[in-house]
Amino acid sequence: MDRIEELENLLERYKTFNDTKKNLLSKIINRLLNESFLMLERNEDKDDYYNALDLLNEINSYLSLIDYSVVYDKNINIIYIKNTENKNRIHLNKFDTVLLLIFRLLYFKNSKKASLSNLVSTSFIELKEEVKKTNIYKEEKTTNEYLESLRNLRRLKLISFTRNNDFNDESYIFIYPSILYIAKMENIEELNNLLKKYVLGDQNEEVSEN
C-alpha cells in the first residue's frame, strides 16, 4: 500500500471517531514521538498504553507517513516507535553510554530471576561498583556526575529513580524493559566486550535506536 492509500484509509477510519477518540489518538501519537515508549510498568503510561493498543492500526498508519513504525511487544508489555529510515539517532556522552551498558548488563542478569514484573532494580552502590569493575575511569565519578547521567537516561524512559535529599548508596534505581531496544546485545560476553572498548578515548557515542 502506498502512502496515498494509507492516508485515505486512515482518513476514512478517522471520520468514524468521536471527539474523545480523536483527542486520544492525537495525544498518544505526540507522546510516542516525544518519548518513544509506552510501558505498562509505568503508572504514568498505563492509561495511554491500553488506549494505544486499541488504536495501533491508526497510530501505525499515521506514523508510517513520516517513516516511523510502531512495535508492540506483548511479552514485556511495551509499545514503541522506531524510524524506518534510520534517522533521529540518540547521541549520548561516554559516561551516559557506560551507564546504559551497565544497566543493560544488570537487566540481563537480574531478569532471569522469577518475577511478576518486567522491572529490574539495582542500588546506587551496586551501580558504582559495576562502574569501578570496568576500569574505564581512573578517578571515581561524583554523586552529582552520576545524577546528571541518571537524569539523562530517565528522560529517555530507560530507568527510574527518586531524587531527593537523602539519595545515597542504598537508593534504588529501576531499569525499564525499554533498555532492550536501545542496547540490543544478546549476551553478557558481548556487553563486556563493548564496555572494554571504552577504556580508551573520551568521545561521544551514538546509540542505535530512536
**Q.** Protein-only accessible surface order, largest first, of Tyr137, Tyr14, Tyr50 at 1.4 Å
**A.** Tyr50, Tyr14, Tyr137
Q: Quick one: divide the alpha-carbon radius of gyration of the chain by 2.2 N^0.38 Å and tell me what you get.
A: 1.14
Q) Of all the accessible heavy-atom surface of the chain, with the other protein chains kept in place and a 1.4 Å probe, what percent is carbon and sulfur? A) 45 percent
Q: Quick one: check the C-alpha center-to-center distance for region 92-150 versus region 1-50, whole angstrom.
A: 33 Å
**Q.** region 42-138: C-alpha gyration tensor shape, a/c 1.5 cut-off, then a/b vs b/c
**A.** oblate
Q.
Given axes a ≥ b ≥ c from the Cα gyration tensor, I'd like to know whether region 35-97 is rounded (a/c under 1.5), prolate (a/b larger than b/c) or oblate.
A. oblate
Q: With all protein chains present, calculate the accessible area of Ser26 using a 1.4 Å probe and round the result to the nearest 10 Å².
A: 60 Å²
Q. Accessible surface of Lys141 in the full protein assembly, 1.4 angstrom probe, to the nearest 10 Å²?
A. 50 Å²
Q: Using the heavy atoms of the protein chains and a 1.4 angstrom probe, tell me the accessible area per residue for the chain in square angstrom.
A: 57 Å²
(Q) Using only the heavy atoms of the protein chains and a 1.4 Å probe, how would Ser149, Ser117 rank by accessible area, largest first? (A) Ser117, Ser149
(Q) My understanding is that a pair violates if its Cα-Cα distance is over 28 Å; which of Lys22/Lys184; Lys46/Lys133; Lys109/Lys138 do that in this structure? (A) Lys22/Lys184; Lys46/Lys133
Q) In the Gaussian network model of the chain, springs joining C-alpha atoms below 10 Å, which of Lys15, Lys157, Lys184 carries the largest mean-square fluctuation? A) Lys15
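The values are calculated or read from the model by the stated rules, or taken from the named source; none is laboratory data. Just so it is clear, the model here is predicted, and its values are computed rather than measured. Ligands, DNA and RNA are stripped out before the accessible areas are found, and what is left, the full protein with its side chains, is counted by its heavy atoms. Shrake-Rupley method; radii C 1.70, N 1.55, O 1.52, S 1.80 Å.
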